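I have placed the structure first, in the form of structure tokens, so that the comments after it can refer back to it.
The values are calculated or read from the model by the stated rules, or taken from the named source; none is laboratory data. In this text the structure is predicted, and so the values were computed from the model without any measurement. Here the Cβ positions follow ideal geometry from the backbone for every residue, glycine too, while neighbour counts run over all protein chains shown. Surface areas here come from the heavy atoms of the whole protein model, side chains and all, with no ligands, DNA or RNA. Shrake-Rupley method; radii C 1.70, N 1.55, O 1.52, S 1.80 Å.
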Amino acid sequence: MRVSRIVDLSVPVGPGTVVYPGDPVPRFEVHSTVAEHGFNLLDVHLGSQSGTHVDAPYHFEESGLRIDAVPLERFLGPAVVVDAAALPARGALTWDLVEPVADRITPGTVVLLRTGWSRHYGTPAYFDHPYLDADCCRRLLDLGVRTIGIDAINIDETPDDDHPGVGFPVHHLVAAVDGVIAENLTNLGAVDWADPFVMLLPVAFVGADGAPVRAVAVRFGD
């Protein structure tokens, strides 16, 4: 099958990468150079949730699967994009927004939530993103969905001093069925064809709660 288009859904990872409040900030330091050692090599420091990443069940469940133990089929498959771009800051993504594409969602479908909030990446507004309603999440899981991604820093509401939130219900619901969550996706608006195939393959960090990914959407055909 020929690949006719690839859309990069990943943010770059480096010192300017936006991180969840309190998470490690990525840091790159020169370890070796061609001039001095004959080759270039970086000393890389980052968190397991840096940049575009996937959460393993272990991220919120002590007994959950670690990222290197999650079945690879969780990280790729046919995808459906849910259009939630009309949501306001801290708006809840409810089932009525999923309903127009619900007939295309089957077991193994990767569900991508396009809020458009990646346009705020690098600004304070990025943390006031829309989030997935817990009941909507339950209905997706009931359809056999085990992989959900969002173009925001968190699939649940991100708490702050003015918004205490209600915990992280979606993280717990997805972890309970050994599912995975992709966060900090970007460019979902460019996935404008009906049958994208999405790949979210993580670095196989041993025993980790998650890992960065180079997320892509692929179109097959002429």
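For Cα extents along the principal axes in Å, computed directly from the structure shown, the correct entry in [x] 49, 40, 39; [y] 60, 51, 35; [z] 54, 42, 40 is [y].
Running a GNM on the chain with Cα contacts under 10 Å, which residue among D156, D128, D142 ends up with the highest mean-square fluctuation? So, out of D156, D128, D142, the one fluctuating most is D142. Taking each residue as 0.36 nm, the span from A86 to N40 lengthens on full extension beyond its C-alpha to C-alpha distance by 12.0 nm.
Computed from phi, the 3J(HN,Hα) profile of segment 37-44 under the Karplus parametrisation 6.51, -1.76, 1.60 (θ = phi - 60°) reads 10, x, 7, 9, 8, 9, 9, 10 Hz, with x in place of Gly and Pro. Relative to the current alpha-carbon distance between E29 and A176, full extension at 0.36 nm per residue lengthens the span by 49.1 nm. Computed from label points 7 Å out along Cα-Cβ, the spacing between T106 and V206 is 4.0 nm. The residues of segment 73-222 expose, per residue, 42 Å² of accessible area to a 1.4 Å probe. Overall shape of segment 41-160 was characterised from the C-alpha gyration tensor. The equivalent ellipsoid obtained from it has semi-axes of 23, 21, 13 Å, in decreasing order. Using R₀ = 41 Å, calculate the FRET efficiency as 1/(1 + (r/R₀)^6) where r is the Cβ-Cβ separation of M1 and D68; round to 0.05. E between M1 and D68, to the nearest 0.05, is 0.90.
Shown for the chain: the carbon plus sulfur share of the solvent-accessible area, taken with all protein chains present and a 1.4 angstrom probe, equals 55%. Considering only H59, H129, H163, the mean-square fluctuation computed in a Gaussian network model of the chain, springs between alpha carbons under 10 angstrom, is largest for H163. Across A85, A194, A56, mean-square fluctuation computed from a Gaussian network of the chain (C-alpha pairs under 10 Å connected) peaks at A194.
Taking each DSSP H run with n ≥ 4 as -39500 (n - 2.57) and averaging over every residue of the chain yields -2500 deg cm²/dmol at 222 nm. Ordered from largest to smallest accessible area (heavy atoms of protein chains, 1.4 Å probe), the residues M1, M199 come out as M1, M199.
The Cα atoms of segment 155-222 define a convex hull whose projected area, averaged across directions, is 7.0 nm².
Here the 3J(HN,Hα) profile of segment 123-135, calculated from phi with Karplus coefficients 6.51, -1.76 and 1.60 at θ = phi - 60°, is 10, x, 4, 4, 7, 9, 6, x, 8, 7, 5, 4, 5 Hz, Gly and Pro shown as x.
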